[in-house]
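Quick note: the coordinates plus some simple rules give every number you see, no bench work behind them. Quick caveat: nothing in here was measured; it's all calculated off a predicted structure. All Cβ positions, glycine included, derive from the backbone under ideal geometry; neighbour counts span all protein chains shown.
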Amino acid sequence: MCTYHEIFKGRFVGLRIGGAHIDTPARRPVINPATGEAFASVPLAAPEHLESAVAAARGAFPAWRALSWAERQELLERLAGRMEQARDELADLLTLEQGKPRHSAAADEVGYAIGWLREVARRRLADQVLEDAPRHRVDKSYVPLGVAGLIVPWNFPLCLAAWKFAPALITGNTVILKPSPYTPLTALRLAELAEGVLPPGVFTVLTGDDELGRWMVEHPGIAKISFTGSAATGQRVMAGAATGLKRVTLELGGNDPAIVLPDADLDAVVPKLFWGAFGNSGQWCVGIKRLYVHDDLYPQLLDALAAYARGVRMGDGMDAASQLGPLQNVRQYEKVRGLLADCVAHGQRFALGGEAVPGPGYFVPVTIVDNPPDDSRVVVEEAFGPVLPVLRYRDFDDVVRRANDTGYGLGASIWGRDTAFAQALAGRLEAGTVWINEVYVHGVDFPFGGHKLSGLGVEHGTEGLAAYANLKIVMSAR
């Protein structure tokens, strides 16, 4: 396994703010979730560092916004090229700090982030002439907001960073990115890669504890916050931003249902259902969290899903044979263990798994819970781990009601051969995105956002770009 010194070579000793390298007396350890041991440390930003970062970002904003779209695209393409050159190192960092398998999930996330940056950089917000009459003209345009504060979680630290900084930068904003305290290293490496490509102050990474996020939300010099995380934290972000009417985009939690129709092809859907639920060890907002299976298929699908899961190897992400890694941090590990303990205490049946793996690291085996009650914790709560309740249904109206019986509304999926029926069912589900015979498919041009407690606003598409701009109307009499 790579060591701290092999990967970092002493580079991450301070923060990079406005082109200056600033040492911080306070530091935070970075834990490898496969071992539970610290292997690096990163700077902890204090209020004065945020003040310096905001001042640098505001100072860089006029020149950055004045560039043409093509000029900004060229610079972002150069950043993507630097990421391409460093992709092996980024994948190593991602696995060591997040836990996901290096040779599959981590490498894929790095490639995804590079491709996403390049594609978003090619997009534009087009000005429009709304009226062009002999005596009156109306023009519509978009103007950047200013400094965008981007707060990213630990489950997909590089991918979700790209989801935010790419549209923020191409639309002419400057950026302060705060990674999760658990996964700061890939973001710090991004800051290094951006040096000499983006002008000083345009792209700043600040590492710190959760209180840094609160300072960013409340800072009057930051015009927008884009936050991905829990619904509870999202509510606090919205409350903190309200004083200054700060723009917010919130992509929050989910308890996404999947509905398997009675005509589904088991051989085709079981692998997709498995990875839809357990990919990234269940640590994604749009993963399958509740699996509803028609009575006609329930016994066969339950057995097939458990059999497939037994053939998937979980282990240290730096091991090329590992297909799933650990949970990312001890807090999430204890939460998932608590859900399993609750299942045991209430006599619920496990088709597979049910106990955490003894030994170092934050490993919880793939666990399938056999038809627990709808009001059980494992059904009601978002596990955000490799735990899946599989639930029986007979009536379609009833399964729609049960699927919608949650405060969340991020995603949902439907699986079956009759796509016309699936489309009709999809229209009744309360979710921002409904997939049919697929799951967690995203695209640069496909708007993504949640309903209910799952979020506010959207990312991606024209709507996602416009979220980083103010709409401006100019009317002129002739």
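Structure above, values below:
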{"item": "Förster radius 35 Å - calculated FRET efficiency between ASP108 and ALA55, Cβ distance, rounded to 0.05", "result": "0.40"}
{"item": "Per principal axis, descending, Cα span of the range 226-310 in whole Å", "result": "55, 24, 17"}
{"item": "Cα-based equivalent ellipsoid, the range 257-444: semi-axes from gyration tensor eigenvalues, Å", "result": "26, 18, 16"}
{"item": "Charged-residue dipole, Cβ positions (Lys, Arg, Asp, Glu), the range 257-444 about Cα centre, Debye nearest 20", "result": "380"}
{"item": "Whole-Hz ³J(HN,Hα) from phi, Karplus 6.51 cos²θ - 1.76 cosθ + 1.60, for the range 347-361, glycine and proline x", "result": "x, 7, 8, 9, 7, 6, x, x, 9, 5, 7, x, x, x, x"}
{"item": "Sorted by Cβ density within 10 Å, fewest first, the residues VAL380, VAL366, VAL293", "result": "VAL380, VAL366, VAL293"}
{"item": "Scaled radius of gyration (Cα, divided by 2.2 N^0.38 Å) that the chain gives", "result": "1.01"}
{"item": "Residues MET238, MET318, MET216, MET83, sorted so that the one with the fewest Cβ neighbours within 10 Å comes first", "result": "MET238, MET318, MET83, MET216"}
{"item": "Projected label distance in nm at SER476 and LEU266, using a 7 Å step from Cα toward the beta-carbon", "result": "7.0"}
{"item": "Least to most buried among PHE363, PHE278 (fewest other Cβ within 10 Å first)", "result": "PHE363, PHE278"}
{"item": "DSSP beta bridges in the range 257-444 [antiparallel fraction, %, rounded to 5]", "result": "15"}
{"item": "For VAL248, residues with placed amide H under 5 Å, excluding near neighbours", "result": "ILE225"}
{"item": "Unit charges at the beta carbon, dipole of the chain: most positive-side option, PHE421, PRO179, ALA63", "result": "ALA63"}
{"item": "Student exercise, the chain dipole from Lys, Arg, Asp, Glu Cβ charges, in Debye to nearest 20", "result": "1380"}
{"item": "Three principal axis lengths of the range 16-76 [C-alpha, angstrom, descending]", "result": "47, 28, 15"}
{"item": "Charge sum, other residues only, whose C-beta stays under 13 Å from LEU90's C-beta, Lys/Arg counted +1 and Asp/Glu -1", "result": "-3"}
{"item": "Amide H partners (placed H, <5 Å) of ARG392, local residues excluded", "result": "VAL293"}
{"item": "Relative contact order %, the chain, counting alpha carbon pairs below 8 Å whose residues are six or more apart", "result": "18"}
{"item": "Hz values of 3J(HN,Hα) by residue in the range 265-279 - Karplus curve (6.51, -1.76, 1.60), Gly and Pro given as x", "result": "8, 4, 4, 7, 8, 4, x, 5, 5, 4, 6, x, 8, 10, x"}
{"item": "Set of aspartates and glutamates with alpha-carbon distance to LYS246 below 13 Å, sequence-local pairs under 8 removed", "result": "GLU218"}
{"item": "Radius 13 Å from Cβ of LEU160, net charge of other residues (Lys, Arg +1; Asp, Glu -1)", "result": "-1"}
{"item": "Using θ = phi - 60° and Karplus 6.51 cos²θ - 1.76 cosθ + 1.60, couplings along the range 21-35 (whole Hz; Gly, Pro as x)", "result": "9, 10, 7, 10, x, 8, 9, 10, x, 10, 9, 7, x, 6, 10"}
{"item": "Helix axis angle, 47-66 relative to the chain longest principal axis, alpha carbon, degrees", "result": "70"}
{"item": "Whole-number D in µm²/s for the range 399-478 (Stokes-Einstein; Kirkwood sum over Cα pairs; 4 °C, 1.567 mPa s)", "result": "89"}
{"item": "FRET efficiency for GLN300 and ASP210, using Cβ-Cβ distance with R0 set to 35 Å, rounded to 0.05", "result": "0.15"}
{"item": "Nearest-0.05 FRET efficiency for ALA424 and VAL312, computed from C-beta distance (R0 41 Å)", "result": "0.75"}
{"item": "Top positive-direction residue, dipole computed over the range 257-444 with Cβ charges, set ASN404, HIS294, GLY347", "result": "GLY347"}
{"item": "12 Å beta-carbon shell around GLY253, net charge (K/R +1, D/E -1)", "result": "-2"}
{"item": "Nonlocal amide H pairs with ALA40, under 5 Å, H built at 1.01 Å", "result": "VAL30"}
{"item": "Spin-label zone in the range 190-225 - amide nitrogen under 17 Å from a point set 7 Å from the Cα of GLN85 along the C-beta vector", "result": "190-199"}
